[in-house]
Structures are given as C-alpha cells and as structure tokens.
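Student: The structure's right below; bear with me while I get my questions together.
The values are calculated or read from the model by the stated rules, or taken from the named source; none is laboratory data. Nothing here was measured: the structure is a model prediction, and the numbers come from that model. Here the Cβ is made from the backbone with ideal geometry for all residues, glycine too, and neighbour counts use every protein chain on show.
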Amino acid sequence: MESKGMEAKALKIWGARLLWIAGAGIWLMLMAGAWNRADAAETDSYNFSWLDPDKKIYVLQNRKYSKANRAMVSVLGGIGWSNPYRNVRGIEPRLALYFSEQIGVEVFYSKLFNSGNTTYRSLLASAPALLPLLREIRGQMGGLVHWTPWYAKINVFNQILYFDWGFQFGLGRLEAVRLARNSTSDPFVETSDNQTAFLLGTGQQFFLSQDWSIRLDILGAFYNATYDKNSGDKTWFSNFQFGAGLGYRL
C-alpha cells in the first residue's frame, strides 16, 4: 500500500511537469503563428500566388533592434525538473556573440542548488529502509550555436513588442555527484560523476531597447551514464533547465 501511495504521488508530480512542458510548447506554437523570417525588411515582397494570383502582400516586419556583430552578456535564473528526488534552482551567466541576425555562438556556466523534494521526503517517511541512489547535478558548462530563424513584433497593451525565437545546440560538461549510504542513520557518501552531454534548447528574446532584452530559455542536456552503480550497464539521462533573465549587449 505504501509503495502504491508513493507511485501515485510521483505520477502527480510528473503529470504536473508534463502539463507545464505542454503549456510552454503551446505558447511557442502560438507565438510562431505571428512570426516571419529573421531578415525580413519593409521592402520585402512576398508573392502569395496560392492565395491570390493577382496580388502581392507586403510584410511590414522591419527589424528595429539588431543583434548582429554585438556581444551580449546575460544572467538567467531558473529551475530544473528532471531529478525525481530533488528540487533544483540555478543561476546561469552567459556570453554570446552574433555574427548575423540568425547565427551566433554562446558559452555559459550554470551553478545549481539541490534540495530534497516532496517525493524524496515521502519516500523517507513511508519506506525508510528503501535507499535510492541519488545523482545531483551541481553545475554545467558548455558552448552553444544559436540559430534564430524567426523575428516578430506584436501589440501588447498598445505597445509594440519586438522579439525573436531561436534554437540552440552544442556540447557541455555536467558537474555531478552520486550520493549513497548503507542506512538512513549513515551520512551520504559522495562520488564524483561528471558527464559529457549533448545540449539542445530553444529560447526567446524580448527586446526592451537596443541594449537590453528579456530572455526565456529551455536547455536540455542528454548524457549516457551507468544506471545505479559506478560501473555496469549505461542508459541515457536528461537534465532540463528553464531560465529567465536579462541580457545586455556590449
């Protein structure tokens, strides 16, 4: 009965996380409906012959704020939602350089803070003899290539808001440890478990001025590691971080 209660709590937590991810995906799709090419200008002409062979539609999608050939320093704060037994909070400085409005590179470092979540506390209360092996990711760093194909402007409370949406991919290094103990009265024994990861992400920038922007980013790290021991069979794990913060162009 206790194990069924634990499973029900875990399912509720994961259900809430999936709803959050689905909501974020719907938001991105709705935003994409208003967007056009990143390099579109007022003089661009689009021939919608499939819509009306006798007319052309002119898209007034001028780029008011430019990021090409400028470096940008960002600081993001956010949460992680991949660890089943840990609440994860983090702070993440980034440095980016865009070679054009669509292509850029970025390096970053995330400092992550872990604490026991509701699932972990319930597990200790209902089944203290069950001692899961924990993996904590306490930091990650890496390099990313940015591709930003969409740029848009929308009217928000009679104010024009300019923003873009892009994708990120690269390689990174996870600073991780394994936490294990023989009984609940023993202290945790930490073992270094650093991993190399593939990085995939997506994000939006909302331009406040030529220099300042608000950033929303989701970054996933995918790595291959042993399941429950320091040696043995390996499987794929993921670590997702959501971050929001400010960017300043130099």
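Student: Report, by residue number, each residue of region 171-198 that is touching an Asp or Glu at 6+ places or on another chain (Cβ under 8 Å) and either of a type in the set (Phe, Trp, Tyr) or more than 30 Å from Ala127 (Cβ to Cβ) (or both). Write out each step before concluding.
Tutor: Restricting attention to region 171-198, the residues satisfying the condition of being touching an Asp or Glu at 6+ places or on another chain (Cβ under 8 Å) are 176-179, 194.
Once the filter is applied, which keeps residues that are touching an Asp or Glu at 6+ places or on another chain (Cβ under 8 Å) and either of a type in the set (Phe, Trp, Tyr) or more than 30 Å from Ala127 (Cβ to Cβ) (or both), region 171-198 yields only Asn194.
Student: Right, next: Here is a check on your reading of the model: is Lys153 among the charged types (D, E, K, R), part of a strand (DSSP E or B) and closer than 22 Å to Asn83 by Cα? Break it down into steps so the answer makes sense when it comes.
Tutor: Details: among the charged types (D, E, K, R): yes; part of a strand (DSSP E or B): yes; closer than 22 Å to Asn83 by Cα: no.
No: the conditions fail for Lys153.
Student: Follow-up question, since we're still on this one. For residues in region 59-80 being polar (S, T, N, Q) and surrounded by 14 or more Cβ atoms within 10 Å (Cβ to Cβ), which is modelled with the highest pLDDT? Spell out the reasoning first.
Tutor: Within region 59-80, the first condition is being polar (S, T, N, Q), and the residues that meet it are 61-62, 66, 69, 74.
The next check asks that each one be surrounded by 14 or more Cβ atoms within 10 Å (Cβ to Cβ); those that pass are 61, 74.
Details: Gln61: 58, Ser74: 97.
Per the stated criteria, the residue is Ser74.
Student: Taking Gln205 as the residue in question, decide whether it is touching a residue at least 12 places away in the same chain (Cβ under 8 Å), buried (at least 19 other Cβ atoms within 10 Å of the Cβ) and either farther than 21 Å from Ser110 by Cα or not β-branched (Val, Ile, Thr) (or both).
Tutor: Details: touching a residue at least 12 places away in the same chain (Cβ under 8 Å): yes; buried (at least 19 other Cβ atoms within 10 Å of the Cβ): yes; either farther than 21 Å from Ser110 by Cα or not β-branched (Val, Ile, Thr) (or both): yes.
In short, yes.
Student: So, of the residues in region 72-94 that are in a strand (DSSP E or B) and hydrophobic (A, V, I, L, M, F, W, C), which turns out to be nearest to Tyr120 (Cα to Cα)?
Tutor: Kept after step one, since they are in a strand (DSSP E or B), are these residues of region 72-94: 72-80, 86-94.
Next, from what is left, pick out any that are hydrophobic (A, V, I, L, M, F, W, C): 72-73, 75-76, 79, 88, 91.
Values: Met72: 39, Val73: 36, Val75: 30, Leu76: 27, Ile79: 17, Val88: 13, Ile91: 23 Å.
Filtering region 72-94 for residues that are in a strand (DSSP E or B) and hydrophobic (A, V, I, L, M, F, W, C), the one nearest to Tyr120 (Cα to Cα) comes out as Val88.
Student: I'd like to verify a number: residues in region 81-102 that are closer than 12 Å to Gln241 by Cα and either surrounded by fewer than 20 Cβ atoms within 10 Å (Cβ to Cβ) or of a type outside the set (Asp, Glu) (or both), how many? Show your work before the answer.
Tutor: Restricting attention to region 81-102, the residues satisfying the condition of being closer than 12 Å to Gln241 by Cα are 81-83, 87-92.
Among the residues that remain, those that are also either surrounded by fewer than 20 Cβ atoms within 10 Å (Cβ to Cβ) or of a type outside the set (Asp, Glu) (or both) are: 81-83, 87-91.
Residues flagged as closer than 12 Å to Gln241 by Cα and either surrounded by fewer than 20 Cβ atoms within 10 Å (Cβ to Cβ) or of a type outside the set (Asp, Glu) (or both) within region 81-102 amount to 8.
Student: Also, quick follow-up: Taking region 103-116 as the region of interest, how many residues are at pLDDT below 95 and surrounded by 19 or more Cβ atoms within 10 Å (Cβ to Cβ)? Lay out the reasoning, then the answer.
Tutor: Let us first name the residues in region 103-116 that are at pLDDT below 95, namely 114-116.
Subsequent filtering for residues that are surrounded by 19 or more Cβ atoms within 10 Å (Cβ to Cβ) retains 114.
Counting residues in region 103-116 that are at pLDDT below 95 and surrounded by 19 or more Cβ atoms within 10 Å (Cβ to Cβ) gives 1.
Student: Given the conditions (1) outside any loop (DSSP other than H, G, I, E, B); (2) without any contact (Cβ under 8 Å) to a residue 40 or more places away in the chain; (3) of a type outside the set (Val, Ile, Thr), which single one is not true for Leu130?
Tutor: For Leu130, the failing item is (1).
Student: Output yes when any residue across region 95-113 is under 30 Å from Tyr65 (Cα atoms), in contact (Cβ under 8 Å) with a residue 12 or more places away in the chain, charged (D, E, K, R) and not in a strand (DSSP E or B), and no when none is.
Tutor: To start, the set of residues in region 95-113 that are under 30 Å from Tyr65 (Cα atoms) comprises 95-110.
Those left that are additionally in contact (Cβ under 8 Å) with a residue 12 or more places away in the chain: 95-110.
From the residues that got through so far, the ones that are charged (D, E, K, R) too are 101, 106.
Those still in the list that are not in a strand (DSSP E or B) too: 101.
Yes, there is a match, as at least one residue in region 95-113 is under 30 Å from Tyr65 (Cα atoms), in contact (Cβ under 8 Å) with a residue 12 or more places away in the chain, charged (D, E, K, R) and not in a strand (DSSP E or B).
Student: Is there a residue being touching a Ser or Thr at 6+ places or on another chain (Cβ under 7 Å), among the acidic types (Asp, Glu) and touching a residue at least 12 places away in the same chain (Cβ under 8 Å) anywhere in region 79-93?
Tutor: Scanning region 79-93 turns up at least one residue that is touching a Ser or Thr at 6+ places or on another chain (Cβ under 7 Å), among the acidic types (Asp, Glu) and touching a residue at least 12 places away in the same chain (Cβ under 8 Å).
Student: Can you list the strands (runs of 3 or more DSSP E) lying wholly within region 175-250 that have 2 or more residues being within 30 Å of Ala96 (Cβ to Cβ)?
Tutor: Values: elements: 189-192, 195-207, 212-226, 234-249.
Fully inside region 175-250 and qualifying: 195-207, 212-226, 234-249.
Student: Just a yes or no: is a residue in region 175-183 closer than 30 Å to Ala71 by Cβ and surrounded by fewer than 19 Cβ atoms within 10 Å (Cβ to Cβ)?
Tutor: yes
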